[in-house]
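So the structure is just underneath, and the comments pick up after that.
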Amino acid sequence: MPARSRRLGVTLTLFVALFVSLAACTGAAGTASPPIAPSPSLAPTASPTPVAAFPVTVTDDEGTAVELPVEPQKIVSLTPATTEILFELGAGDRIVASDDGSDYPEAAKALPHVATFDKVDIEKVVALEPDLVIAGGLGFTPADSITKLRSLKLPVVVIYAKSVDGVSADIELLGTATGTADAAATLTTKMRTDIDAVSAAVSAGGSKPRVYYEIGYDDTTGAIYAPADDSFVAEMVTLAGADAITTGDPASYQIPLETLIQRDPQIIVLGTNPFYNPTPASVLQRTGWSAMTAVKNKDVRPVNDIEITRPGPRLPTGLRSLAAAIWPDVTLPPAP
């Protein structure tokens, strides 16, 4: 799986996220996010009952029950999203190591690295003697590494956000696992309120423009990457008040140029990050793109991809920037 796929899970992972990662939101140009299924609703999920004492058992996103006999004091975080969540919950000082993509908040950059986008250094993790390892699902953390860590009797919780609601659920799961359930409940309530407010504001903006959110583009081959039909990124575009142009496939993130031209985006939103940073001018010069309305009108608008596709506390910020790019004339409500 390419670098960007692992880091988005979301990452988009999903991912992770891609968000996206899926997740994580960094990687090489011209590759796609891991598939993360969206949720059609933003209905709040029930917050967990605050945990007063350990031991506790949590069930992770892969359905594995993980028992934590005591409140974790030495945590290894293997995804940028989980690192960011832990800091926001007040547990950042308990992280003893992370992956090399953990870059936020600033304090996360100083953490020792025990993982890259495609490998976990098992020996380093074991040497740290962690009482909790948090890994990414959907291939963000290699499955064989998770199996190996568990075989060595380390408690590994695997999370991945299938949707915007799934981000809140994962934050609350980590709150339970780290003894910060109250902070998690407060955070997710604030996030939901902000997301709902932004979505309501843009829904009143009028007819939904057709929006192509660019996840990646390969200058050499001309391969184009857009949100898959059942993806976290497509849901974010929809929440931002647009008609999301997707690939026509629930899992694939590659879209033929002919299909993109047929869908005729009125706005092209460029998801940029330090590893993928196309300019509007470069898009206007692409071969065969001049037939699209967005190119004719020069409606090509860059946004910070990391905040939009990393499934963590800054998701409302990402939605705000995405909504502002699509609806520059709409006044968004102040953040709570």
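The values are calculated or read from the model by the stated rules, or taken from the named source; none is laboratory data. Quick caveat: nothing in here was measured; it's all calculated off a predicted structure. Reconstructed Cβ throughout: ideal geometry from the backbone, glycine too, with neighbour counts over all protein chains shown.
Ile261: among the aliphatic types (A, V, I, L, M), within 24 Å of the chain's Cα centre (by Cα) and surrounded by 14 or more Cβ atoms within 10 Å (Cβ to Cβ), yes or no? Here the answer is no, as Ile261 does not meet what is asked. Beta carbons closer than 7 Å, at least 6 apart along the sequence or on distinct chains, pair a first residue in the range 271-289 that is closer than 29 Å to Ser102 by Cα with a second that is hydroxyl-bearing (Ser, Thr, Tyr) for Gly271/Tyr213; Gly271/Thr309; Asn273/Thr26; Pro274/Thr26; Phe275/Thr26; Pro278/Tyr217; Pro278/Thr272. Within the range 223-240, the set of residues being more than 21 Å from Ala324 (Cβ to Cβ) and at pLDDT below 95 comprises Ala228, Asp229, Asp230, Ser231.
May I ask you to verify whether Ile75 is touching a helix residue (DSSP H, G or I) at 6+ places or on another chain (Cβ under 6 Å), at pLDDT 95 or above and surrounded by 18 or more Cβ atoms within 10 Å (Cβ to Cβ)? Yes; evaluated as a whole, the condition is true for this residue. Checked against (1) under 22 Å from Asp182 (Cα atoms); (2) part of a helix (DSSP H, G or I); (3) under 21 Å from the mean Cα position of the chain (by Cα), Asp93 passes all but condition (3). Screening the candidates Asp249, Asp329, Asp243 for the property of being at pLDDT 95 or above, out of contact with any Phe, Trp or Tyr (no Cβ under 9 Å at 6 or more places or on another chain) and acidic (Asp, Glu) yields one hit, Asp243. Tallying residues that are assigned to a helix (DSSP H, G or I), in contact with a strand residue (DSSP E or B) (Cβ under 6 Å, 6 or more places away or on another chain) and over 15 Å from Ala242 (Cα atoms) within the range 299-336 yields 3. When the range 134-155 is filtered for residues that are crowded, with 24+ Cβ neighbours inside 10 Å and of a type outside the set (Phe, Trp, Tyr), the ones remaining, listed by number, are Ile134, Ala135, Gly136, Gly137, Leu138, Thr141.
Within the range 267-298, being over 17 Å from Tyr225 (Cβ atoms) and assigned to a helix (DSSP H, G or I) holds for Pro280, Ala281, Leu284, Ser290, Ala291, Thr293, Val295, Lys296.
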